[in-house]
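Contents: one structure, followed by commentary.
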Ligand code: GDP
C-alpha cells in the first residue's frame, strides 16, 4: 500500500504525489457511500496495477477541513495577499478570507505586498492587533519573502488575493518552479467566463504544497456552510476576550446597547474596519439562516 496526496483530478483520474513519484489513479466508486468523491488535498492510500503502473485509490483519510469551491481538502494555511498600493485591497475581502479560514480550522496569514510602493502601515497595524498573523513583503525587492517561505514550508497553503495585488509575483519569488506552472495552467484552462477552474496543488521546494486558487471570489460566505450567525464572532480572534462581557446574553455585537465589543471598537481596542467586516458577514450569514 502506497500513501500520497491528491494533487489534481481530471475526468475521473486522480494524480497522487507519493514517495514513488506522481501516480495516475482511478477511484472505483467505493467512496460514494462514505466521504463522497475524492478531492484535491485528500490523503489517500493506493494500490498499483502491475500491468500498467497506474493505481487504484484504496482509502481516503478523514478530512481535517475542506472548501467547496474550489473543492480542496486539508488546507493548513490560507494566505490573504493584500496591498496598500494600487489596486488597494478592500479590508472586507481580507476579513472574509481570514474568517472563513479561522472558522474552518485553517491558519490564516495576511501578507501585505508592494511595501516598496506603500508600506501599508494602517493595514499592518490592524492585523497586528487582530490576533491574525501579518507579514509585509515586496515581490519586487524580495523583502519579507524568506519569512513567508518559512511560513509555508511543509504545509498545504492556499493563496487568495484581489486581481493585481501581486499574487503571481509573490508566488514566483517564493518558488522558482512556480512561474512556469502558473503560466502553463492559465494557457491550458484559459480565462474564459465559462471555463471551469480546476484547483491543483503545486509541490514546493523544501516540502509542502500551494493550492492555485482563482481569487477572493472563491472564498464566498457559502463556504461558511450554514454557520450559525452566533458562531461568526469566534472567527474574529480579537473578539474573544470580550465575548460574554456584553449586557445581554446572545448579543449579536451589531448595534446592541451594552455590547462589550462595540465598546472595544469605540475605545480603539478593536479596529473599526474589522468590526465593519464582521457586521457585513453577520448580515449575510443571518440571511442564509433565514432562508433555510
Ligand atoms: P496578480 O494579479 O495578483 O497575480 O498580480 P501580478 O503578480 O500579475 O502583479 C500585478 C502588478 O503588480 C504587476 O504590474 C506587478 O509588476 C506589480 N507588482 C507585483 N508585486 C509588486 C511589488 O512588490 N511592488 C510593486 N511596486 N509592484 C508589484
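The numbers here are math on the coordinates, done by the rules we state, and not lab data. Since this is a predicted model, take the numbers as computed values, not measurements. With ideal geometry, Cβ positions are generated from the backbone for all residues, glycine too; neighbour counts draw on all protein chains shown.
Hey, what angle do you get for helix 178-189 against the long axis of the chain, alpha-carbon based, 0 to 90 degrees rounded to 10? Tilt of helix 178-189: around 80 degrees.
Write down the percent of antiparallel bridges among all DSSP beta bridges whose residues are both part of region 1-128, to the nearest 5. Around 70 percent antiparallel, to the nearest 5.
Summarising the strand pairing of the chain, around 55 percent of its internal DSSP beta bridges are antiparallel. The ranking of 272, 286, 33, 104 from fewest to most other beta carbons within 10 Å of each one's beta carbon is 33, 272, 286, 104. Sorting 57-68, 152-163 by their mean Cβ neighbour count within 10 Å, with the most densely packed peptide first, gives 152-163, 57-68. Quick note on the chain: its Rg to Rh ratio, both from C-alpha atoms and Rh being the Kirkwood radius, is 1.01. Once the chain from residue 269 to residue 163 is taken as fully extended at 0.36 nm per residue, the excess over their C-alpha distance is 35.0 nm. Counting only the Cα atoms, region 92-141 fills a convex hull of 75 Å³ per residue.
Our estimate of slack between residue 245 and residue 143, defined as 0.36 nm per intervening residue step minus the Cα-Cα distance, is 32.6 nm.
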